[in-house]
Amino acid sequence: MQLKKYQELIAWQKAIAVVTEIYSLTSAFPQAEIYGLTSQLRRAAVSIASNIAEGQGRATKGEFIQFLCHARGSLYEVETQVIIGKNLGYLTLEQRESASDSLAELGRILNGLITSLQQKQSRSSLATGH
């Protein structure tokens, strides 16, 4: 069954949950970080969901895979920045672990989706002789 809307993708739904979690966590960051780590974390989190949506709207599986890989890169940015936030004392260990768990789950889902699309793309290429 072909998905018609990016909103139906579990990866996108989980990415939206991550954005919400990141916005909540960063709301308690120091005001001095509003243009620094707070902004960077929020933009990277939004980028995950945005790249999933944009990729799903592209014409080919290859383009979709490329955007999913961009989303995965943004996910790694968020993971790194969450660690920095913890190291700076802006997040508790529990907050970092919760965010890390959410990000790990999303990462597994993204990796599974990328792998699945790559396999379908390979089978399609073999079937058409390209």
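Of note:
- About its Cα centre, the chain has a charge dipole of approximately 540 debye under the convention of +1 per Lys or Arg Cβ and -1 per Asp or Glu Cβ, with nothing else charged.
- Kirkwood-based shape ratio for the chain, expressed as Rg/Rh from alpha carbons: 1.07
- Net charge of the neighbourhood of A104, taken over other residues with C-beta under 14 Å away and scored Lys/Arg +1, Asp/Glu -1, is -1.
- Average Cα contact separation per residue, the chain, under 8 Å, 6 or more apart, as relative contact order %: 26
- Each principal axis of the range 67-130 carries a Cα extent, and these read 56, 16, 10 Å when sorted largest first.
- Contour minus Cα-Cα distance for S39 and Y76 (0.36 nm per residue): 11.7 nm
- Potential extension, D101-A28 segment - 0.36 nm per residue separation minus Cα distance: 24.3 nm
- Helical mean residue ellipticity (222 nm; -39500 (n - 2.57) per DSSP H run of 4+; nearest 500) of the chain: -27500 deg cm²/dmol
No value in this document is a laboratory result; all are computed from the given coordinates. All figures in this text were calculated on a predicted structure; none of them were measured in a lab. Note: ideal-geometry Cβ built from the backbone for every residue, glycine included; neighbour counts use all protein chains shown.
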